[in-house]
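Asker: Here it is, the structure, as structure tokens.
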There are 2 protein chains.
Amino acid sequence: MKNKAITSKTEDFAQWYTDVIKAAKLADYTSVKGCIAILPNGYAIWERMQSILDKKFKELGHVNVQMPLLIPENLLNKESELVEGFAPEVAWVTYGGSKELDERLCVRPTSETLFCDFYASHVKSHRDLPMLYNQWCNVLRWEKETRPFLRSREFLWQEGHTIHASEEEAINETKRMMDVYRWFHHEILAIPSITGIKTEREKFAGAEFTLTNEALMYNGVALQAGTSHYFGQKFSKAYDVKFTNKDNKEEYVYQTSWGTTTRMIGGLIMVHSDDFGLVLPPRIAPKQVVIIPIGDSQRVVNLAKEYSDKLNESNIFSYIDDSEKSPGFKFAEAEVNGIPVRIEIGERDLENNNIVIVRRDTREKISVSMDSLNIVSYINELLEVIQKDMYNRALKRRDELTFEAYSLEDFERIINEHPGFIKGFWCGSEECELRLKEINGIKSRCILENEKCLDNKCAVCGRDAKHLVVWGIQY
Amino acid sequence: MKNKAITSKTEDFAQWYTDVIKAAKLADYTSVKGCIAILPNGYAIWERMQSILDKKFKELGHVNVQMPLLIPENLLNKESELVEGFAPEVAWVTYGGSKELDERLCVRPTSETLFCDFYASHVKSHRDLPMLYNQWCNVLRWEKETRPFLRSREFLWQEGHTIHASEEEAINETKRMMDVYRWFHHEILAIPSITGIKTEREKFAGAEFTLTNEALMYNGVALQAGTSHYFGQKFSKAYDVKFTNKDNKEEYVYQTSWGTTTRMIGGLIMVHSDDFGLVLPPRIAPKQVVIIPIGDSQRVVNLAKEYSDKLNESNIFSYIDDSEKSPGFKFAEAEVNGIPVRIEIGERDLENNNIVIVRRDTREKISVSMDSLNIVSYINELLEVIQKDMYNRALKRRDELTFEAYSLEDFERIINEHPGFIKGFWCGSEECELRLKEINGIKSRCILENEKCLDNKCAVCGRDAKHLVVWGIQY
């Protein structure tokens, strides 16, 4: 039976999305326009994301720091492209207490400026390099239209900022962090994203180039989820970040930055969830297994406890729902909250030597015989199967919604039938990008780097193609 | 040999403090007035603090959330005492992009208002209670004089905000969270703090009462490190946070909040460190053991690796310093960074079947025979001994600097000889508190709750005493 609090996904996707967020208690609106409260169920997902990514960053040699929230205006103004890109969307602090400030301070929209300012006074020699810093923090961008997780004025993220002694090393860093984001989406979030390079028009303000991780939502709209930028020496020249190289000569450092945000929670929902609520891939689920005892016979209670202990000892996050609610209510709650596996233990089943195991992703009920059942290995395998199945379903959906366009008419026809990833050759001109934008706001998602163009022509103007590009409409 | 970059503690305590922070690379000043950058060594300590406290909070049933950074002015203004207390020290956002805002927004100095606003729309019945929320975030207070970690315009903290169905339960929560802070200081930070209740004058703006955790720095100056507030129904009435109780009647919720901050890092330094740099209690040290191979003979390298593996497998944070620096340089670096235990492995010692182990706290060098040496249990025991010794030394120092005053003259004499905790009876009047403030800014730290006054008189006015109070000057 459908969850009545949730609009059907096929009926009204936008409403379905906000209904799932509300029903699964992930976030809520606040009295602060454009800013959400992330509730316990949502924040627990963010904590899982943080713990997995942070571990990976540290394995690769990164260390965490914390730079200030506020940026003095003159510091922000030093890199002209960055200012142009961000000035329309920053919030300004102009008063401290009752006193007007001599210089206004912006609430960080991103922290390249502060890291550069710091590096400028802390780097002397090539022996100080590389510096591989990351921070977990909040940032603010004064968006006009907002949507929980996907786009809000304040969001949480990690921003890595690294400096290097050579171009090659910095470019490798830019690439390897995109590999991390790709790995995280594919292996942990079960989201088959596409990675590539942004066009000049779509790259980060001030970057030499931007790599991007693009996910396709269930409705065919694209979501940029993780970017990695190579700055070359642009910022280091603007902020005077120099080092003495091995030849004892002064040189500007080579720089990168890369980030992922709470927006990934929105992506998770839009790729995997259904009309019954949240569906979480086991590897990111804060709670992987819920055990629901039916009735309170000692045998039932003991078995629930035994299973829960065994699973937790094997690092499978599980808990017993022994609250006073009815079993039916508990089933529905576990379902809407996206707990990947539900174990129902009831007296009647036990008499037949069975327990019932329910997969959240398929809602399949499995009656499992307890004869020689090893609960830990059974659940471990099931969680892996669910993870894999969820990835494959998302991949199938992505492939179904990936189209090819060879003309403007193709673009128009496709986008009017159904949004999706649209592969199309491109001559490289901004003119053709702008022409496509006129069609429902189609933008380039990314250039596929390893694709050859051969004799193909630009789908817009018919000139020789320079790149194969994935296009789409975006959140 | 003394670290030349560090001023002697006895010569100039304030300079010594900033020298240690700089030499141990914990934090640095930035171009943003009053705001510091927390560097990797400092942030790693904060991560340890977070992980230990967060685990404890969760064991007690708390969950993490994230409320917005910005508070609309009208929302802040609803609780008059809070506004009065915080208005002089908040930063105001007045522009979003190029547009002046209709209503200015303050950058949160604390989040009671936002939590109340949230709770008001999310609590209906006693079955929803208690709600035990916590958040880890940054806050801003527009301080005039700042000092790294101890007082800066922006700092990081956790703020717990809980609501309950009864006064008793909320008061118990207020107390148990102070017990957590006390436990954390005594057992983890090796800081023998004093806990008690704040006077009316010193309590949190808007609280019914405030419990406080007061630590004494090496120089005898007090540091408030952790407070827990009971609000009763003050905020719930101002923000209309009601629930239906078990008798089916509407009632306002009972509320608490409690917080600890990055200031604890400053406390750690000021209690334990010395003229050679940082000294960290093992239980909070992000790196507990450094292994320094002297020379590169295979035997030395292998043993270093073997020890490091064994220690890390037993959850003792250890690492090998196999960088290209000289052993002397490595010793000095480990020392200034406060690594609790240093293991030196050299070919010559190995010939005598010995290794050298150095305690950071006492700088004692111990030649340890490798005959039947179990490195894990040896280091485990040593770390526990160091933890205990550090606590006991801090306790001895605190006791030496704890005085008793029975008259204004006593207060004057004591504070002019040496600052410290000064125990003195008090009649309970604000007049007497203000009189003491005239003496070098002496303030009440806390009322000792379980002390009886018997026939004792107020040390200021001579009237009957109501409380035994710990007084002192503070950071």
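Asker: Before we move on, is B:Ile415 among the aliphatic types (A, V, I, L, M), more than 30 Å from B:Ala285 (Cβ to Cβ) and in a loop (DSSP other than H, G, I, E, B)? Don't jump to the end; show me each part of the working.
Answerer: Details: among the aliphatic types (A, V, I, L, M): yes; more than 30 Å from B:Ala285 (Cβ to Cβ): yes; in a loop (DSSP other than H, G, I, E, B): no.
No.
Asker: Just to be sure before I move on: is B:Ile386 surrounded by 17 or more Cβ atoms within 10 Å (Cβ to Cβ), closer than 30 Å to B:Arg348 by Cβ and out of contact with any Ser or Thr (no Cβ under 6 Å at 6 or more places or on another chain) in the structure I sent? I'd like the intermediate steps shown before the answer.
Answerer: Details: surrounded by 17 or more Cβ atoms within 10 Å (Cβ to Cβ): yes; closer than 30 Å to B:Arg348 by Cβ: yes; out of contact with any Ser or Thr (no Cβ under 6 Å at 6 or more places or on another chain): yes.
Yes.
Asker: Now, a different point. B:Ala27 is checked against (1) at pLDDT 95 or above; (2) within 8 Å of chain A (Cβ to nearest Cβ) and fails just one. What number does that condition carry?
Answerer: (2)
Asker: Is there any pair linking a residue in the stretch A:350-361 that is on the phi > 0 side of the Ramachandran plot to one that is assigned to a loop (DSSP other than H, G, I, E, B), with Cβ under 8 Å and at least six apart or on different chains, and which?
Answerer: That search, which allows pairs on different chains as well, returns A:Asn353/A:Met370; A:Asn353/A:Asp371.
Asker: Among the listed residues A:Ile316, A:Ile379, identify the single one that is in a helix (DSSP H, G or I), under 30 Å from the mean Cα position of the chain (by Cα) and β-branched (Val, Ile, Thr).
Answerer: Details: A:Ile316 fails: in a helix (DSSP H, G or I).
None of the other options fit; the residue is A:Ile379.
Asker: I'd like the full set of residues that are out of contact with any helix residue (DSSP H, G or I) (no Cβ under 6 Å at 6 or more places or on another chain) and within 14 Å of chain A (Cβ to nearest Cβ), limited to the stretch B:140-158.
Answerer: Filtering the stretch B:140-158 for residues out of contact with any helix residue (DSSP H, G or I) (no Cβ under 6 Å at 6 or more places or on another chain) gives B:140, B:143-147, B:151-158.
B:Leu140, B:Glu143, B:Lys144, B:Glu145, B:Thr146, B:Ser152, B:Arg153, B:Glu154, B:Phe155, B:Leu156, B:Trp157, B:Gln158, listed by residue number.
Asker: Same structure again: Based on this model, can you work out whether A:Ser125 counts as facing chain B (nearest Cβ under 9 Å), of a type in the set (Ser, Thr, Tyr) and more than 24 Å from the chain's Cα centre (by Cα)?
Answerer: Working: facing chain B (nearest Cβ under 9 Å): no; of a type in the set (Ser, Thr, Tyr): yes; more than 24 Å from the chain's Cα centre (by Cα): yes.
Answer is no for this residue.
Asker: Of (1) buried (at least 24 other Cβ atoms within 10 Å of the Cβ); (2) outside any helix (DSSP H, G or I), A:Asn248 satisfies all except one. Which?
Answerer: Going through (1) buried (at least 24 other Cβ atoms within 10 Å of the Cβ); (2) outside any helix (DSSP H, G or I) one by one, A:Asn248 breaks only (1).
Asker: Suppose we filter A:Gly328, A:Gly259, A:Gly338 for residues that are in a helix (DSSP H, G or I) and either under 30 Å from A:Val20 (Cα atoms) or not polar (S, T, N, Q) (or both); which single one remains?
Answerer: Details: A:Gly259 fails: in a helix (DSSP H, G or I); A:Gly338 fails: in a helix (DSSP H, G or I).
From the options A:Gly328, A:Gly259, A:Gly338, the qualifying one is A:Gly328.
Asker: Kindly establish whether B:Cys137 is modelled with pLDDT of 95 or more, facing chain A (nearest Cβ under 8 Å) and within 31 Å of the chain's Cα centre (by Cα). Show your work before the answer.
Answerer: Working: modelled with pLDDT of 95 or more: yes; facing chain A (nearest Cβ under 8 Å): yes; within 31 Å of the chain's Cα centre (by Cα): yes.
When the stated conditions are applied, B:Cys137 passes them.
Listed here are the residues, each with its yes/no results for (1) surrounded by 19 or more Cβ atoms within 10 Å (Cβ to Cβ); (2) over 30 Å from A:Asp12 (Cα atoms); (3) more than 14 Å from every other protein chain (Cβ to nearest Cβ).
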site: A:Glu173; (1), (2), (3): yes, yes, yes
site: A:Asp179; (1), (2), (3): no, yes, yes
site: A:Gln224; (1), (2), (3): yes, no, yes
site: A:Phe231; (1), (2), (3): yes, yes, yes
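Asker: Tell me, yes or no, whether the stretch A:260-267 has at least one residue that is under 30 Å from A:Leu129 (Cα atoms) and β-branched (Val, Ile, Thr).
Answerer: To start, the set of residues in the stretch A:260-267 that are under 30 Å from A:Leu129 (Cα atoms) comprises A:260-261.
Now narrow it down to the ones that are β-branched (Val, Ile, Thr): A:260-261.
For the stretch A:260-267, residues under 30 Å from A:Leu129 (Cα atoms) and β-branched (Val, Ile, Thr): present.
Asker: Oh, and also: Within the stretch B:61-81, identify whether any single residue is within 25 Å of B:Ile284 (Cβ to Cβ) and either more than 9 Å from chain A (Cβ to nearest Cβ) or free of Cβ contacts under 8 Å to residues at least 12 places away in the same chain (or both), and answer yes or no. Let's see the steps before the verdict.
Answerer: Of all residues in the stretch B:61-81, those within 25 Å of B:Ile284 (Cβ to Cβ) come to B:61-64.
Keeping just the survivors that are either more than 9 Å from chain A (Cβ to nearest Cβ) or free of Cβ contacts under 8 Å to residues at least 12 places away in the same chain (or both) gives B:61-62.
For the stretch B:61-81, residues within 25 Å of B:Ile284 (Cβ to Cβ) and either more than 9 Å from chain A (Cβ to nearest Cβ) or free of Cβ contacts under 8 Å to residues at least 12 places away in the same chain (or both): present.
Asker: Next up: Let me spell it out: the conditions are (1) over 23 Å from the mean Cα position of the chain (by Cα); (2) at the interface with chain A (Cβ under 9 Å from one of its Cβ atoms), and B:Pro40 meets all of them except one. Which number is the exception?
Answerer: (1)
Asker: On the basis of being in contact (Cβ under 8 Å) with a residue 24 or more places away in the chain, more than 21 Å from B:Glu112 (Cα to Cα), in contact with a Lys or Arg (Cβ under 9 Å, 6 or more places away or on another chain) and outside any strand (DSSP E or B), does B:Ala207 make the cut? Explain how you work it out, then say what you get.
Answerer: Values: in contact (Cβ under 8 Å) with a residue 24 or more places away in the chain: yes; more than 21 Å from B:Glu112 (Cα to Cα): no; in contact with a Lys or Arg (Cβ under 9 Å, 6 or more places away or on another chain): yes; outside any strand (DSSP E or B): yes.
Answer is no for this residue.
Asker: Enumerate the helices (runs of 4 or more DSSP H) found wholly within the stretch B:1-110, keeping only those where 2 or more residues are among the aliphatic types (A, V, I, L, M) and either surrounded by fewer than 22 Cβ atoms within 10 Å (Cβ to Cβ) or not assigned by TED's automatic domain parsing to the domain that holds B:Asp128 (or both).
Answerer: Filter on the stretch B:1-110 gives B:13-23, B:40-59, B:73-76.
Asker: Would you mind telling me which numbered condition in (1) hydrophobic (A, V, I, L, M, F, W, C); (2) crowded, with 16+ Cβ neighbours inside 10 Å; (3) free of Cβ contacts under 8 Å to residues at least 24 places away in the same chain A:Leu434 fails?
Answerer: A:Leu434 satisfies every listed condition except (2).
Asker: In the stretch B:93-120, what count of residues is obtained for those that are in contact with an Asp or Glu (Cβ under 8 Å, 6 or more places away or on another chain), within 24 Å of B:Trp136 (Cα to Cα) and at the interface with chain A (Cβ under 8 Å from one of its Cβ atoms)?
Answerer: 2
Asker: Turning to a different aspect of this structure: Could you list all residues from the stretch A:288-307 that are within 19 Å of A:Ile386 (Cβ to Cβ) and either polar (S, T, N, Q) or loosely packed, with under 13 Cβ neighbours inside 10 Å (or both)? Outline the logic, then answer.
Answerer: Of all residues in the stretch A:288-307, those within 19 Å of A:Ile386 (Cβ to Cβ) come to A:288-292, A:307.
Scanning the stretch A:288-307 gives a single hit, A:Gln288.
Asker: So which residues in the stretch A:300-334 are among the basic types (Lys, Arg), touching a helix residue (DSSP H, G or I) at 6+ places or on another chain (Cβ under 8 Å) and at pLDDT 95 or above? Can you show your working first?
Answerer: First, the residues of the stretch A:300-334 that are among the basic types (Lys, Arg): A:305, A:310, A:325, A:330.
From the residues that got through so far, the ones that are touching a helix residue (DSSP H, G or I) at 6+ places or on another chain (Cβ under 8 Å) too are A:310, A:325.
If the condition is that a residue be among the basic types (Lys, Arg), touching a helix residue (DSSP H, G or I) at 6+ places or on another chain (Cβ under 8 Å) and at pLDDT 95 or above, then A:Lys310 is the only one that fits.
Asker: Take the conditions away from every other protein chain (no Cβ under 11 Å) and either of a type outside the set (Val, Ile, Thr) or more than 26 Å from A:Trp46 (Cα to Cα) (or both) and apply them to B:Asp54. Does it pass? Talk me through it step by step, then tell me what you get.
Answerer: Details: away from every other protein chain (no Cβ under 11 Å): no; either of a type outside the set (Val, Ile, Thr) or more than 26 Å from A:Trp46 (Cα to Cα) (or both): yes.
In short, no.
Asker: Could you check how many residues of the stretch A:274-295 are outside any strand (DSSP E or B) and closer than 15 Å to A:Ala332 by Cβ?
Answerer: 4
For (1) free of Cβ contacts under 8 Å to residues at least 24 places away in the same chain; (2) under 30 Å from A:Val289 (Cβ atoms), each residue gets a yes or a no:
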{"position": "A:Tyr391", "(1), (2)": "no, yes"}
{"position": "A:Ile415", "(1), (2)": "no, no"}
{"position": "A:Glu438", "(1), (2)": "yes, no"}
{"position": "A:Gly441", "(1), (2)": "no, no"}
{"position": "A:Cys446", "(1), (2)": "no, no"}
{"position": "A:Cys453", "(1), (2)": "no, no"}
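Asker: On the given criteria, is A:Glu168 farther than 27 Å from A:Lys9 by Cα and without any contact (Cβ under 8 Å) to a residue 24 or more places away in the chain?
Answerer: On the way: farther than 27 Å from A:Lys9 by Cα: yes; without any contact (Cβ under 8 Å) to a residue 24 or more places away in the chain: yes.
For A:Glu168, the condition - farther than 27 Å from A:Lys9 by Cα and without any contact (Cβ under 8 Å) to a residue 24 or more places away in the chain - is met.
The values are calculated or read from the model by the stated rules, or taken from the named source; none is laboratory data. Computed from a predicted model, the values in this text were never measured in an experiment. Using ideal geometry, Cβ is built from the backbone for each residue, glycine included, and neighbour counts are taken over all protein chains shown.
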